[in-house]
């Protein structure tokens, strides 16, 4: 049994320390999920409500998805509930502005790489250090993505949500969610390729 599964089992038994440990791991992630839906001011409320519902409903968590994905679904439902109560509509005006995209010259007219990126290997301490630097660079570039792309990447790649769940949460079509994810992946892949060639973020 892995550590998180053990924590979940302890949470089912009412262990407050297990809850505290899970909050340390996932709370910031829940706020990140909530911000695109309700804004930064209400995101903490969403995260807190998510924990309350998670504690109350942990007995129904069957482990068919990751615990983080289960939490993300609760958080999205909470965020949508808050939006409905407040009568807030999400404005998508300018949401996916993607000026000065660095990816256009890297792909041909069919969307394939003009020059495929190099393979990434690490066999020395220097290369392992470079991987740590790469992770920091990925985080930096993730938060520089246009907000729509960033939201979709977080929900799909980090939360593991299905396209329909993301589309419903953001009020978009599944097709547009796929487009946003494709654009974001291209931008991140270009950053990765640049990092591999130059070693600079």
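What follows is calculated from the coordinates using simple rules that are stated; it is not laboratory data. If you're wondering where the values come from, they're calculated on a predicted model, not measured in any experiment. Cβ coordinates were reconstructed from backbone atoms using ideal geometry, including for glycine residues, and neighbour counts include every protein chain displayed.
Compactness check for the range 1-71: Cα Rg over 2.2 N^0.38 Å is 1.10. Extending 7 Å from the Cα toward the beta-carbon at both residue 185 and residue 53 defines two label points whose distance is 2.9 nm. Between residue 174 and residue 196, the modelled labels are 3.1 nm apart [label points 7 Å from Cα along Cα→Cβ].
Averaging the sequence gap over all C-alpha pairs within less than 8 Å and six or more residues apart, then dividing by the number of residues, gives the range 3-86 a relative contact order of 32 percent.
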